[in-house]
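Structure, as structure tokens:
The values are calculated or read from the model by the stated rules, or taken from the named source; none is laboratory data. All figures in this text were calculated on a predicted structure; none of them were measured in a lab. FYI the Cβ positions are ideal-geometry reconstructions off the backbone, even for glycines, and counts take in every protein chain you see.
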Amino acid sequence: MKKTEAEAAGPLDDREVDSMLAMTRATIFESSPQRAPVGERLQKVLRITRAIPPDITGGLLVMLPPTASDSPRLYRLPKKITVGRGAQATLKIEDPAKKLSSLHFEIRESGSGHLLVDEGSKNGTRINEHRIPTVSHPLSDGDFIHAGGFTFAYLLRS
């Protein structure tokens with residue numbers, strides 16, 4: 001079976017993320033299963049960044065867990081990745097609530113960073129709580145991407 005581009009590029013193997021997952025599971029969420037405020041979550045994502053081995057460079061996408069009982073997922077970004085719940089997405093996400101569009105957004109390389117494009121999703125895409133139009137939007141290290149009921153953090157390692 002042929003792997004999708006996202007599967008081939010990431011997630012990182014267990015050896016690379018063991019320490020991150022142990023730390024992240026304990027720090028992304030407070031003691032209750034409710035989400036921590038965005039400012040606190042940003043600080044926690046920055047802690048994840050420090051736990052990533054220095055030889056891992058380029059763009060990374062961290063899918064934050066929807067509940068405290070789930071683990072975060074870390075993906076190396078290929079030249080182009082599409083995210084959604086449909087079969088045509090290179091990073092397919094199960095979403096029983098169907099808040100995530102079949103093809104929700106795309107991230108692609110641009111110069112030394114990445115651009116995000118909302119693919120005309122029904123519920124829109126937000127970067128750091130600001131809704132973006134369906135044009136390309138540059139990503140900055142530490143940005144939160146909100147799509148459907150999911151939150152991702154964009155990290156750029158050089």
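Residues that are more than 30 Å from Asp55 (Cβ to Cβ), β-branched (Val, Ile, Thr) and either at pLDDT 90 or above or not in a loop (DSSP other than H, G, I, E, B) (or both) within the stretch 117-158 comprise Thr125, Ile132, listed in sequence order. Restricting attention to the stretch 106-155, the residues that are closer than 14 Å to Val83 by Cα, polar (S, T, N, Q) and touching a helix residue (DSSP H, G or I) at 6+ places or on another chain (Cβ under 8 Å) add up to 1. Name the residues in the stretch 97-116 that are surrounded by 15 or more Cβ atoms within 10 Å (Cβ to Cβ) and either touching a His at 6+ places or on another chain (Cβ under 7 Å) or assigned to a loop (DSSP other than H, G, I, E, B) (or both), would you? Passing the criteria: Lys99, Leu100, Ser101, Ser102, Leu103, His104, Ile107, Arg108, Leu115, Leu116. Just one residue in the set Leu91, Leu100, Leu61 is modelled with pLDDT of 80 or more, touching a strand residue (DSSP E or B) at 6+ places or on another chain (Cβ under 8 Å), over 19 Å from Asn123 (Cα atoms) and not basic (Lys, Arg); that residue is Leu61.
Just to be sure, is Ser121 of a type in the set (S, T, N, Q) and surrounded by fewer than 17 Cβ atoms within 10 Å (Cβ to Cβ)? Taking the combined requirement at face value, the residue does not satisfy it. Among the criteria (1) among the hydroxyl-bearing types (Ser, Thr, Tyr); (2) buried (at least 16 other Cβ atoms within 10 Å of the Cβ); (3) over 13 Å from the mean Cα position of the chain (by Cα), the one Thr134 does not fulfil is (2). Filtered by the rule that a residue be in a strand (DSSP E or B) and of a type outside the set (Lys, Arg), the stretch 80-96 gives Ile81, Thr82, Val83, Gly84, Leu91.
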